[in-house]
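All of the numbers you see were taken from the coordinates with simple rules; none came from a lab. Fair warning: this is a prediction, and the values are worked out from it, not measured in the lab. As a convention, Cβ positions derive from the backbone with ideal geometry for all residues, glycine included, and neighbour counts pool all protein chains shown.
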Amino acid sequence: METQSKPQIEIQAVYMDPDPQVTVLWVSRHRPLAKQIMDLKEKLGRIKVVQVSGPVPNAEYVIELARKFNAKIIVPVLPMSFIARLAELAPKHGITVLYARMNVVAQVSSVEEAEKLVKEAPDRRTMTTYSDGTIKIHEFEKFEKVLKVFILTEPW
């Protein structure tokens with residue numbers, strides 16, 4: 001019987017100023033963009049960014065990692081339901097959750113075209129390939145503090 005191994009969670013420091021004042025837990029498969037690092041430094045001073053990449057099991061796990069690394073900021077690139085739970089838990093531990101506001105600047109079908117668009121502003125652009133073959137180019141705008149995530153519905 002063949003067993004498949006589960007994808008591993010990778011944790012590594014991806015940016016560190018000398019004598020950092022604040023640790024940021026970056027939960028994403030994508031490394032932070034240069035503009036994102038710059039914006040964090042402008043608000044927080046000297047920082048250390050620890051990236052968590054891979055399938056994290058739940059929000060409680062992310063909170064425990066933040067506590068382990070003494071992170072006061074979490075930047076999650078995760079499903080909204082996950083971010084909603086983080087927004088509930090984080091304040092109880094003195095942690096702030098930030099949302100990286102990204103705007104779609106283009107949608108293309110070729111990698112070459114996508115790479116060209118990213119190279120126009122590599123400090124703030126990234127690309128994401130979707131299962132249907134389309135590629136979206138996202139550009140970082142700003143960070144926003146997550147206070148609450150909810151879904152408002154009505155009967156139909």
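Couple of notes before you dig in:
- Relative contact order (%) - criterion: Cα under 8 Å, at least six apart; region: region 10-100: 33 percent
- Normalised by the number of residues in the chain, the average gap of Cα pairs under 8 Å and 6 or more apart makes the relative contact order 22 percent.
- Correct option for volume of the Cα convex hull per residue in Å³ [calculated from the coordinates] among (1) 132; (2) 190; (3) 117: (2)
- Stretching S81 away from Q107 to a fully extended chain increases their span by 6.8 nm, per 0.36 nm per residue minus the current alpha-carbon distance.
- Remark: region 32-39, residue by residue, has Karplus-estimated 3J(HN,Hα) of x, 7, 4, 5, 5, 4, 4, 5 Hz, where x stands for each Gly or Pro and the curve is 6.51 cos²θ - 1.76 cosθ + 1.60 at θ = phi - 60°.
- Segment V14-K43, length gained on full extension (0.36 nm per residue, minus Cα span): 8.6 nm
- Fewest-first sequence of I151, I9, I74, I63 by Cβ atoms within 10 Å of each Cβ: I151, I9, I63, I74
- Here the sum of -39500 (n - 2.57) over DSSP H runs of 4 or more residues, divided by the residues of the chain, equals -8000 deg cm²/dmol at 222 nm, to the nearest 500.
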